[in-house]
Amino acid sequence: MPACLNSKHTARLTTVGLFMGLLLMALATHAQQVELGGGLGGMLYKGDLAPSLNPRFYRPAGNLFFRYNFTRSFSMRAGIAMGGIKAEDRVSSDPFQQARNRSFRTRIGETTVDMEYFFRDFKMLRRVKNWSPYVFGGIGYMSYSPRNEGGPRVMYPLGVGLKYEIKRPWSIGFEFGTRFTRNDDLDGLGKAAGAPRLASGNPALNDSYTYTAITLSYTFYKITCPE
């Protein structure tokens, strides 16, 4: 093989080796801060067809997330979720809803970024059982189908949760959060001007939905000497 090819090959191997070394150093530096997980649960709609949360309209959903623990109390989480919502006027005791007799099913996909605050520190001691309640809030973007009006897709997740480290590095959790939207189109009843009363939504009420889930996550701990 010509000498010039040998030098190029050596240079590439050196570059790849340096890159891998820097990547491993970065992972070691950020160990105990990076966490990956997912959850299974469901979504529940609140709006014109269900002014209060009705468990009979609960629909399955799932999510995946990446969490970065800045400190033992503050974290940032980015996630995606897919699920659905539904409701029916016919189950309501309200005469107006019974006369309207509308129903809907909507598929929802969402991407969210949250800031989380944990009330208890997660200690890195060997035999400590770590657990903590937490609160979270952030911003998100949703896609939904069918989509009639084309209202804003931005929403604002806000909620509470509980995280428990069952066996390091694995943790389970339970979470309840509401997605507050700025539109009235998730149920197909928009605020169109001139629309018949029975085909129009309440202009003072935007649609929202909750997401509850049981989660499982894995934290990338750095290996240390036994205590």
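Using 0.36 nm per residue, how much length does the chain from Ser143 to Lys123 gain when fully extended, once their Cα-Cα distance is taken away?
Roughly 3.3 nm would be gained on extension.
Among Val154, Ile166, Phe118, which residue has its Cα furthest toward the positive end of the charge dipole of segment 75-186, with +1 on Lys/Arg Cβ and -1 on Asp/Glu Cβ?
Farthest along the dipole direction, towards plus: Ile166.
Would you tell me the accessible area of Trp131, worked out with a 1.4 angstrom probe on the heavy atoms of the protein chains, in Å² to the nearest 10?
Near enough 100 Å² of accessible area.
Starting from the 7 Å offset along Cα-to-Cβ, what nm value, one decimal, do you get for the label separation of Phe220 and Trp170?
2.0 nm
Between Leu162 and Met115, what is the label-point separation in nm under the 7 Å Cα-to-beta-carbon projection?
2.6 nm
Just to be sure I understand the model, the point goes 7 Å from the Cα along the line to the Cβ. What's the resulting Arg107 to Arg72 distance in nm?
4.5 nm
When Lys and Arg each count +1 and Asp and Glu each count -1, what net charge do the other residues less than 13 Å away from Asn63, Cβ to Cβ, add up to?
That sum, taken over residues with Cβ under 13 Å, equals 0.
Starting from the eigenvalues of the Cα gyration tensor, five times each then square-rooted, give me the equivalent ellipsoid semi-axes of segment 73-219, largest first, whole Å.
They are 39, 15, 12 Å, listed from largest to smallest.
If you count only protein heavy atoms and use a 1.4 Å probe, how large is the accessible surface of Leu125, to the nearest 10 Å²?
Spelled out: Leu125, probe radius 1.4 Å, area about 80 Å².
When the convex hull of the Cα atoms of segment 119-179 is projected onto a plane and the area is averaged over all directions, what value comes out in nm²?
5.5 nm²
Would you please put 86-96, 106-116 in order of how densely packed they are, using the mean number of other Cβ atoms within 10 angstrom per residue and starting with the highest?
106-116, 86-96
The values are calculated or read from the model by the stated rules, or taken from the named source; none is laboratory data. The structure presented is a predicted model; accordingly, all values stated were derived computationally and were not measured. No Cβ is skipped: glycine too gets one built from the backbone with ideal geometry, and neighbour counts run over all protein chains shown. Protein only, heavy atoms only, side chains kept; ligands, DNA and RNA dropped before computing areas. Shrake-Rupley method; radii C 1.70, N 1.55, O 1.52, S 1.80 Å.
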